[in-house]
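The values are calculated or read from the model by the stated rules, or taken from the named source; none is laboratory data. The shown structure was predicted, so the numbers you read here are calculated from the model rather than taken from an experiment. Using ideal geometry, Cβ is built from the backbone for each residue, glycine included, and neighbour counts are taken over all protein chains shown. When the accessible area is computed, the model is the full protein with side chains, heavy atoms only, and any ligands, DNA or RNA have been set aside. Shrake-Rupley method; radii C 1.70, N 1.55, O 1.52, S 1.80 Å.
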Amino acid sequence: MVLDFLAYGFMQRALVTGTAAAVCCAMIGLYLVLKRYSLFGDALSHMAFGGIALGYFLNIYPIWTATAVSVSAAMGITKIRKSTKISGDAAVAVMLSSGLGMGVILVSASHGFTIDLFSFLFGSVLLTNVSDTLSFIAISCGIIATLVIFRKPLLHFTFDEEQAKVNGVPVEKLNYLFIALAAVTVIITMRLVGILLISALIVLPNITAMMMGKGFKKTMLISISLSVAATTLGIVLSYPLNLAPSGSIVMILVAMYVGTLLVKQMGLFSRKTIVQEIQ
Amino acid sequence: MNVLDVENVSASHNGTLAINKISFSVKEGDLLGIVGPNGAGKTTLFRAILGLQNYQGKIRLFGYEGSQYAALLPMVGYVPQKVSFESNFPATVFDVVGMGLLPKKKLQRGVALIQGCGCNWNRIFGESSKNTEKIGKALEIVGLEHLRDRRISELSGGEQQRTFIASALVKEPVLLILDEPVTGVDMEVQNKFYSVIRKINKENKITIIWASHDLTAISDYATKVACMNRDLFFHGEKEEFFSNKDLLKTYSESAMQMHMHNHSHEV
C-alpha cells in the first residue's frame, strides 16, 4: 500500500499533534485577526525563541521556559500598551525583536546553533514523542474548552470592547486570559510549523474562511476545517515526497487562500445579484 | 421614581474639562432630549454614566451606587454615534443583536434590583422567552427581520444603526442612552426610528436619554429637554424649553451651525 507509512507511530503522533495545534490556531487566530493582532502570533513565537534559548542556556526543558517567557512578555506588553497607548503594531515589533535579540545572545553565549534549536525554528512534527503528544493533546483540549466556554463574551469583546464592558463582560481579565491562551497555542504550534511559520497557521485559514461571507460560528468552523485539512494533507504528502512538513502545510494553506480568492473574484460567493435584490 | 441621578459631575476628555459640575435627575418614563453643540460634552456625560470614563461627583441608577450600580449597568442600553468594527467582521445581523443578550444570572440580578424599587418598567420580552425569540422580536421592532442572516458589513449605515438599537433592546433595558443615533440617516429611517423609541418609551416604560441636534424631532418626541455646553444650562419640561426664546435661539443657532457645518462637509 502507498499509505503504509501511516502505520508508523511517529506519523500517527505527528497527525494527532498537528490536528490539535491546527484546531487551536484556527480558533485563536480568528479573534487575533479580527482584533488586528495578526502578527501577535509571530511576536509571541519570537519571544518563545528567546525562551527556548534560555532553556538551553539554563539546562531546563525549553518548552517550559518558552511558555513562561512568552506568556509573561505578552502580559507585560499588553499592560504597557494599555498604560502608554503604544499602537498594536509597535508593541508587536518590540516583542518580536526583543525575543529574537535575547535568543541570539543566549545562543551565542552557549554552544551556538544546535539541531534542536533548528527544529524549533522550522518545526519538527515528525519527531514528536509519546509524552509530548499526550501533553499537547491535554493542553489543546484545555485551550479549546476555554474558548468554547467563553465564546460569547470573547465575540462581544472582539467586536466592540466598550459595549462588552457596559454589558458587564470583565474585559480586562478576559483580555489577559485570551493573551495567555494565544501564547500557549503558539508554544504547541511551534512543534508543528516552527517559530518562523506560525503566523501562516494563525492568519491564512481565517482570512480564507472570512472570504466566504458566513456568520461567526460558520466562519470559525470553516477555518478549523481548512486548517486541519491543510495540516493533515501537508504531513501525509511530505513523507512520500520527502518534503519538509511545515513548508508543505503552509503552502497548502496559501493555495487554499489563493484558490478561494480566485473563486470569489469570479463571483461564486456573492449571495444575491442586483436583479435578485430588486425582485 | 428617579432612574438616574447625576450630582455635581465633572469629567475631562483628552485633558480638557468636558463637563463641569452637572446635576440633573431623570424620572421613570422620561424621554429626555439632550441638545448642545458638538464638543458640548454629551458623549463624555454618557460615557461617565456607562462607567467608561473617570469622573468626579456622584451618579446613581435607581438610587444605587457602587457594586449595585455595576450590577444594574448591563440593564442600560447604549447606542453610540458610531460603532467602529473591523470592516469584514464575519458577524451576521443575528450575531450582532445576540451580543446584547445578558447571561441569565446578570439579567435576574438586574431585574430583582429594579423591581426592588417598585417602578412600572415592563420587560419587552416575556420571562420565559428563549434567546432566539428575543433576537427575532428585537429585529422585528426595528424592522430588520428580513436581514437577519446578512453580514453586518453588507448593511447600509441606517440599517447598521438599527441593528445596534436591536442589540440594545435585546438585553431588556430599563434605560436607553442614544447618542445622536440617526446622524447621517435618511428621513424615512429617522421617522421609523423615532416611532420605535416612542413606542418602547410608552408601552414598556423604558426611560430614554437621547442626544440630538434635531430640534424638530425633540419637539415632536421628547417629554423633557436638557441643554448643555460643558455646563448644564437648562433641564425641564419640553414646553418650558420651547417657550423660552433665548434658549431656543441659542440652541437652534448651534443646531443650525451644526447643520451648515455638516452640509459644507458633504459638499
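Tabulated results
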quantity	calculated
Output for region A:40-77, where each listed residue is surrounded by fewer than 19 Cβ atoms within 10 Å (Cβ to Cβ) and either under 16 Å from A:Asn175 (Cβ atoms) or of a type in the set (A, V, I, L, M, F, W, C) (or both)	A:Phe57, A:Leu58, A:Ile60, A:Trp64, A:Ala68, A:Ser72, A:Met75, A:Gly76
Every pair of residues 6+ apart whose Cβ atoms lie under 7 Å, when the first sits in region A:248-268 and is within 14 Å of A:Ala209 (Cα to Cα) and open to solvent by 90 Å² or more (accessible area, probe 1.4 Å) while the second is in a loop (DSSP other than H, G, I, E, B) and not basic (Lys, Arg)	A:Lys264/A:Met211
Residue satisfying all of: in region B:210-253; among the basic types (Lys, Arg) and assigned to a helix (DSSP H, G or I); most open to solvent (accessible area, probe 1.4 Å) among these	B:Lys245
Top-ranked residue in region B:174-192 [being within 15 Å of the chain's Cα centre (by Cα) and over 22 Å from A:Asn167 (Cβ atoms); ranked as surrounded by the most Cβ atoms within 10 Å (Cβ to Cβ)]	B:Val182
Among (1) open to solvent by less than 30 Å² (accessible area, probe 1.4 Å); (2) within 21 Å of B:His146 (Cα to Cα) - the single one B:Thr207 does not satisfy	(2)
Segments classed as helices (runs of 4 or more DSSP H), wholly inside region A:124-223, with at least 1 members that are in contact with a Ser or Thr (Cβ under 9 Å, 6 or more places away or on another chain)	A:130-149, A:161-166, A:171-193, A:198-210
Residue count for region B:69-113, restricted to those that are at the interface with chain A (Cβ under 9 Å from one of its Cβ atoms), surrounded by fewer than 22 Cβ atoms within 10 Å (Cβ to Cβ) and either in contact with a Cys (Cβ under 9 Å, 6 or more places away or on another chain) or hydroxyl-bearing (Ser, Thr, Tyr) (or both)	1
Residue under evaluation A:Asp160, criteria (1) within 14 Å of chain B (Cβ to nearest Cβ); (2) more than 16 Å from the chain's Cα centre (by Cα); (3) open to solvent by 30 Å² or more (accessible area, probe 1.4 Å), criterion not met	(3)
Pick from region A:187-239, criterion polar (S, T, N, Q) and within 14 Å of chain B (Cβ to nearest Cβ), ranking: farthest from A:Tyr31 (Cα to Cα)	A:Thr208
Answer residue from region A:108-118, given it is modelled with pLDDT under 80 and in a helix (DSSP H, G or I) and is surrounded by the fewest Cβ atoms within 10 Å (Cβ to Cβ) among those	A:Ile115
Some residue of region B:39-46 being more than 9 Å from chain A (Cβ to nearest Cβ), open to solvent by 40 Å² or more (accessible area, probe 1.4 Å), at pLDDT 90 or above and in a strand (DSSP E or B)	no
Test: residue in region A:115-126 that is away from chain B (no Cβ under 14 Å), of a type in the set (Phe, Trp, Tyr) and over 25 Å from A:Met75 (Cβ atoms)	yes
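So that you can scan it fast, the table gives a plain yes or no per residue for (1) under 30 Å from B:Ala91 (Cβ atoms); (2) part of a helix (DSSP H, G or I); (3) polar (S, T, N, Q):
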| residue | (1), (2), (3) |
| --- | --- |
| A:Ala14 | no, yes, no |
| A:Asp42 | yes, yes, no |
| A:Leu54 | no, yes, no |
| A:Thr65 | no, yes, yes |
| A:Ala90 | yes, yes, no |
| A:Leu106 | no, yes, no |
